[in-house]
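Worksheet: the structure to be examined is printed underneath.
Each value in this text was obtained by applying a stated rule to the coordinates, not by laboratory testing. Computed from a predicted model, the values in this text were never measured in an experiment. Because the Cβ atoms are built from the backbone with ideal geometry, glycine has one as well, and the counts that use them run over all protein chains shown.
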């Protein structure tokens, strides 16, 4: 097991490649328009950028098995953010400065060149270390590691070896790097900052002071920091680990926070005007944003957690969310995958006007459902003849997503089966995108979102929509293909 855990793709045998091909042929549970690994394990999205007239995306990938092993960077390209072409591992950890994996990072496009920053993971006998590394994405889709790596060796004094996930942004005539970190003094998470004039020589500047009183400040680790502007607002995103549940928030093992406010790199402060969880469902972590296009900023995330899932038996695990356009409305960060509808083919469209109850028999589980309502009490159920059910209920301003009766292979979900949300706005519509084994549920065009994995058996499925007070609903349904 230990030998396999640190195996790299360049050492794959003929037997490995034969096995890879067999895994690719297994389609059960595999989404049609969400990114999945061809084989092995997928986690964090990395290096998301627009370069050389196409979108580039990488993700953390262990090719050989469904546990967290030696992380590579799988590379994909697209012209529409929906149809993706795989190019294989483009950062394979074979150098001493990345001896135990090429961990997460982000991209910067500057002067017709794409710069990829990532963390070289180092595991020691009783501790760990981290290097920050650079690679160049070339116009022919090849990737060249910088000969002078690492650009930042080890971690600054006062922090543990848990320093990772570089995000580099332009600031004035230079550049700033944000890193997730953990302090030695109190073993709590934070974001640290480096500065550079050329993206090669970096100077440690200190710790970012997030000016807010909030429970997530007491997490034991911050991962995957991200910073961008959306509709004139500075947006800071990060993934705190170890936040205690608080009413309806923070019920996942790991969570994701966004803060709207103002960044000041001179004083190393981020003044928070509003914060919230970025996704209120079960399966959402380590998001990364794309901001260097004429279009709206876009976000994509890992739709996975620390669960054992049925697809492991088929040789692969996890997927990414749909790319989601970002906007700010009513002081909230909103997300919606509008590019899917620009690229997807739809068929068997159904429309129902002024109904109080409606059932739809399903031939497959890749579909779009929209429910519009002028009243706030209704429910949506995805169920089958074996009694398995995912239920979404709306009661005034409360949303409840429950997958209790949709366990996987009679095994309970490790981190619970219900998520709740109390909104401070009137709920007018719910839009659901289902793709074989993942649901994305958008409230009011993405003012809040729930991401939810489920693993259906082969029994016939149906959707049931019902109004609790016999008030009329408008329903739109269609199947989706890419």
Open item on the list: Let me check against my output: what whole-number percent is the relative contact order of the chain, with C-alpha pairs under 8 Å and at least 6 apart?
Closed with: 13
Task: Linear extension gain, residue 384 paired with residue 253, 0.36 nm per residue minus alpha-carbon span - done: 44.3 nm
TODO: First measure r as the distance between the Cβ atoms of residue 3 and residue 429, then evaluate 1/(1 + (r/R0)^6) with R0 = 56 Å and state the FRET efficiency to the nearest 0.05.
DONE: 0.60
TODO: With N set to the residue count of the range 344-481, report its C-alpha Rg divided by 2.2 N^0.38 Å to two decimal places.
DONE: 1.00
- [ ] Give me Rg over Rh for the range 86-186, both radii from the alpha carbons and Rh done the Kirkwood way, two decimal places.
- [x] 0.99
Task: Order of 125, 264 under a 10 Å beta carbon neighbour criterion, fewest first - done: 125, 264
Task: For the range 278-309 and the range 24-84, distance of Cα centres in Å - done: 13
TODO: Could I get the Rg over Rh figure for the range 279-331? Both from C-alpha atoms, Rh via Kirkwood, rounded to two places.
DONE: 1.10
Open item on the list: Taking only Cα atoms of the range 235-349, what ratio of Rg to Rh do you get with Rh as the Kirkwood inverse-distance radius?
Closed with: 1.02
Task: Residue exposure sequence - 269, 451, 144, 92 - by fewest surrounding Cβ within 10 Å - done: 144, 269, 92, 451
- [ ] Could you estimate the translational diffusion coefficient of the chain from the Stokes-Einstein equation, with Rh from the Kirkwood formula over C-alpha pairs, at 37 °C and 0.692 mPa s, in whole µm²/s?
- [x] 142
- [ ] Once you have a ≥ b ≥ c as the square roots of the Cα gyration tensor eigenvalues for the range 245-308, tell me rounded if a/c is under 1.5, and otherwise prolate or oblate according to whether a/b is larger than b/c.
- [x] oblate
Open item on the list: Could you give the length gained by full extension between residue 157 and residue 274, i.e. 0.36 nm per residue of separation minus their alpha carbon distance, to one decimal place?
Closed with: 38.9 nm
- [ ] Assuming R0 = 41 Å, can you tell me the calculated FRET efficiency for the pair residue 422 and residue 10, based on Cβ-Cβ distance, to the nearest 0.05?
- [x] 0.20
- [ ] State, in angstrom, two size descriptors of the range 135-254 derived from its alpha carbons: Rg to one decimal place and Dmax to the nearest whole number.
- [x] 16.1, 50
Task: Distance in nm between pseudo-label sites at residue 79 and residue 347 (7 Å out along the Cβ direction from Cα) - done: 2.3
Task: Separation of the residue 21 and residue 147 label points, Cα + 7 Å toward Cβ, nm - done: 3.9
Open item on the list: Report the Cα-based extents of the range 28-167 along its three principal axes, largest first, to the nearest Å.
Closed with: 44, 42, 23
TODO: Determine the shape class of the range 329-418: with a ≥ b ≥ c the square roots of the Cα gyration tensor eigenvalues, call it rounded for a/c under 1.5, and otherwise prolate if a/b is greater than b/c, oblate otherwise.
DONE: rounded
Task: Rg(Cα) / (2.2 N^0.38 Å) computed for the range 167-321, rounded to two decimals - done: 1.10
Task: Over the chain: helical MRE at 222 nm, DSSP H runs n ≥ 4 each giving -39500 (n - 2.57), nearest 500 - done: -1000 deg cm²/dmol
Task: Separation in nanometres of the label points that stand 7 Å from Cα toward Cβ, at residue 464 and residue 330 - done: 3.1
Task: Value of relative contact order over the range 298-369, rounded to a whole percent, pairs C-alpha under 8 Å and six or more apart - done: 23
Task: Burial ordering of 151, 371, fewest other beta-carbon atoms within 10 Å first - done: 151, 371
